[in-house]
1. List the residues of region B:96-131 for which accessible area in the full set of protein chains is at least 30 Å² lower than for the chain on its own; 1.4 Å probe, protein heavy atoms only.
2. Carbon and sulfur atoms: what percent of the 1.4 Å accessible area of region B:52-143 do they account for?
3. Note down the nm distance, to one decimal, between modelled labels 7 Å out along Cα→Cβ at A:Glu388 and at A:Thr137.
4. If you take every residue apart from A:His197 with its C-beta less than 13 Å away from the C-beta of A:His197, what net charge results, scoring Lys and Arg +1 and Asp and Glu -1?
5. What shape does region A:343-404 take by its C-alpha gyration tensor, where a ≥ b ≥ c are the square roots of the eigenvalues and a/c under 1.5 counts as rounded, a/b above b/c as prolate, and the rest as oblate?
6. What relative contact order, as a whole-number percentage, does chain B give when Cα pairs under 8 Å and 6 or more residues apart are counted?
7. In deg cm²/dmol, rounded to 500, what helix-only [θ] at 222 nm does chain B give when every DSSP H run of at least 4 residues adds -39500 (n - 2.57) and the total is split over its residues?
8. Taking the Cα atoms of region A:247-323, what is the range of coordinates along each of the three principal axes, in descending order and whole Å?
Amino acid sequence: MTATETTPAHLATEDRFVPIQTRSERPTSFDPADFGTPTGREVNWRLSDLKRLAPLLVDEETETGAEPAIEYGLAELEAAGLLVESTGHDAAPRGEVFRPEDVVSAIAWKRCENALHIRLPEGQVQEQPVIARLHGTGAERRANAHIVVEAMPGSVGTIVLHHSGSARYAQNLEIIVREGARLTLVSVQDWQDDAVHASAHQAVVGDGAYLKHMVVSFGGGVVRVNPSMRLAGHRAEGEMFGLSFSDSGQHIESQVFMFHEGVETRGDVLYKGALQGEGARSVWIGDVLIGQDATGTDSYEKNQNLVLTDGARADSIPNLEIKTGDIAGAGHASATGRFDDEQLFYLQSRGIEEEEARRLVVIGFLMEIVQKIGVPEIEERLAEAIEEELRRGAGLAPASKAGA
Amino acid sequence: MSVLDIKDLRVSIETEQGSKEILRGVDLTINSDEIHAIMGPNGSGKSTLAYTLAGHPRYTVDGGSITLDGEDVLEMSVDERARAGLFLAMQYPVEIPGVTVSNFLRTAKTAISGEAPRVREWIGDVRGAMEKLRMDPSFGERNVNEGFSGGEKKRHEILQMELLRPRFAVLDETDSGLDVDALRIVSEGVNRIKGETGLGVLLITHYTRILRYIQPDHVHVFVNGRIAEQGGRELADRLEEEGYDRYLKAGV
């Protein structure tokens with residue numbers, strides 16, 4: 001398939017540099033060659049672990065060999081009747097809303113012949129959450145994927161993508177929430193610690209529709225999940241929640257974009273991260289754009305990080321851009337810190353030992369997001385994983401005052 | 001019968017201008033089943049005494065001693081003090097996001113008594129204590145102090161005191177920000193717990209209003225980091241009429 005987007009002039013002309021001011025004006029292309037290889041100075045790669053992501057920057061055939069690098073456990077989707085015949089490059093709705101914004105995403109688009117297509121049929125209320133289980137079969141193995149999740153008008157449901165095992169995995173997720181539909185989409189990165197995963201999510205929410213989008217990352221070596229959501233319809237509503245737990249050597253990144261395009265749209269972004277151990281890293285870049293026609297919009301974004309030990313680093317960059325004077329509300333906040341002494345003092349003054357007090361504070365901090373998932377199996381797995389992380393971190397000295 | 005003994009206590013805090021002395025030699029002995037009111041103008045060191053007793057890291061003890069039945073309290077960590085039987089009802093209790101009141105209470109009770117409370121009994125105790133403080137049962141599912149009104153925060157402090165059964169409680173301006181009804185409910189709670197357990201109380205307050213509900217055995221007037229005068233109930237009545245001007249002018 002040929003690119004449907006024209007290549008922006010400044011990408012085609014090597015010697016011209018045009019700073020990109022507005023998040024929505026970021027160049028897009030279906031051709032990896034248009035992006036070139038990132039140098040690490042680009043706004044969307046500046047804080048990334050390009051060294052470990054390097055295998056995903058190579059544009060080559062990946063769907064070779066009999067054994068797939070990623071096994072797709074789709075039995076639950078099939079049983080629920082949500083699986084549609086795979087879609088090729090030209091088959092709608094693939095590409096209806098998705099436009100690759102970086103080279104990894106363009107490669108994933110190009111190198112994935114048949115997209116997985118998950119569809120909630122019109123008017124159908126799917127009571128039980130449905131989990132797709134994606135399992136990587138080897139840290140040296142590479143896979144590219146394009147996945148379409150489509151909630152038809154008036155449908156209601158919860159879809160979970162659960163990633164485990166290990167692989168070098170580039171992934172596009174195209175999410176279409178049509179008129180009046182209510183979709184919850186949860187992507188869980190429960191990888192082994194040598195996995196490399198770069199994923200671009202692009203969602204469009206239609207008239208009166210609602211999308212709750214969640215990114216939960218605690219396993220993996222480098223995990224970069226960049227979700228964007230366009231509230232296109234009148235009174236479209238979107239929530240973007242994220243939870244990450246970075247250990248020593250883990251680089252967990254999310255570049256989040258909420259675009260209020262429609263009138264009277266409501267958006268809420270909340271990402272929380274905990275970090276512990278030498279070299280633990282998290283990167284959060286949050287952009288909210290309120291378009292010039294998006295009157296009556298209500299928007300809020302917040303990122304909070306809790307640095308549990310010295311040697312960890314959290315980058316947090318919230319951006320808010322408003323192009324109309326007529327909004328109901330807009331705000332953003334970012335806070336990165338070590339343990340709150342006053343919280344610890346309060347708990348300890350009730351007889352609770354310091355270590356237990358820390359545990360309560362961390363779990364409490366992260367639970368705010370966990371409680372929003374609404375999928376018991378995933379919530380339990382997560383509570384277990386958080387306990388596991390804390391056990392692992394128990395021997396590490398808490399972050400010193402100067403450290404945060 | 002227990003004794004909380006404070007001798008020649010001197011405490012300072014670090015400020016941007018360097019170390020600042022707040023308590024300049026405080027002597028105070030509190031026995032079980034006694035109520036001591038500490039009164040005094042703002043900035044006289046009342047809250048510093050409360051937080052020093054609880055072991056807040058912000059305060060540096062430069063001299064003197066605090067003992068509980070002969071045990072050196074200053075040597076104990078914050079949680080050890082609580083397990084030894086000290087309780088501080090705070091003026092500004094902090095929010096703990098994601099930790100529910102019921103989880104918090106159970107964890108604290110387990111820590112204080114060294115074993116998890118028996119489930120059925122515990123649920124009954126919590127419900128009973130909440131009823132007496134006119135708290136809605138749904139309170140247990142809320143996150144600690146998150147979105148609590150001033151009155152709810154104070155009731156929650158007294159609820160903890162009721163369930164944790166300390167030997168000595170310091171009430172740091174528990175009366176501030178309470179309306180008359182809430183003040184009565186909270187005061188009744190303090191009196192009830194004292195009646196049941198022989199709790200010794202150090203009641204820190206700026207106003208005499210709460211002393212109508214909680215009758216002090218002793219009143220101590222704090223001025224400039226020292227006890228300037230002490231007496232019985234009648235001293236509180238006198239303060240009610242005269243205020244603290246007399247002490248401030250004297251420049252004690």
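1. B:Ile96, B:Pro97, B:Gly98, B:Val99, B:Phe104, B:Thr107
2. Details: 2170 of 4580 Å².
Using a 1.4 Å probe with all protein chains present, region B:52-143 comes out at 47 percent carbon and sulfur.
3. 2.3 nm
4. Numbers: positive: A:Arg52, A:Arg141, A:Arg142, A:Arg168, A:Arg224; negative: A:Asp49, A:Asp190, A:Asp193, A:Asp194, A:Glu253.
Net charge in that neighbourhood comes out at 0.
5. On the way: a/c = 2.10, a/b = 1.69, b/c = 1.24.
The shape class here is prolate.
6. Working: 454 pairs, mean separation 68.7, N = 252.
Over chain B, the number comes to 27 percent.
7. Values: 8 runs with 92 residues, N = 252.
Result for chain B, helices only: -11000 deg cm²/dmol.
8. Each principal axis gives a Cα extent; for region A:247-323 these are 46, 13, 13 Å.
The values are calculated or read from the model by the stated rules, or taken from the named source; none is laboratory data. Bear in mind that the values here come from a model prediction, so they are computed numbers and not experimental data. Ideal geometry is used to build each Cβ from the backbone, glycine not excepted, and the neighbour counts take in all protein chains shown. When the accessible area is computed, the model is the full protein with side chains, heavy atoms only, and any ligands, DNA or RNA have been set aside. Shrake-Rupley method; radii C 1.70, N 1.55, O 1.52, S 1.80 Å.
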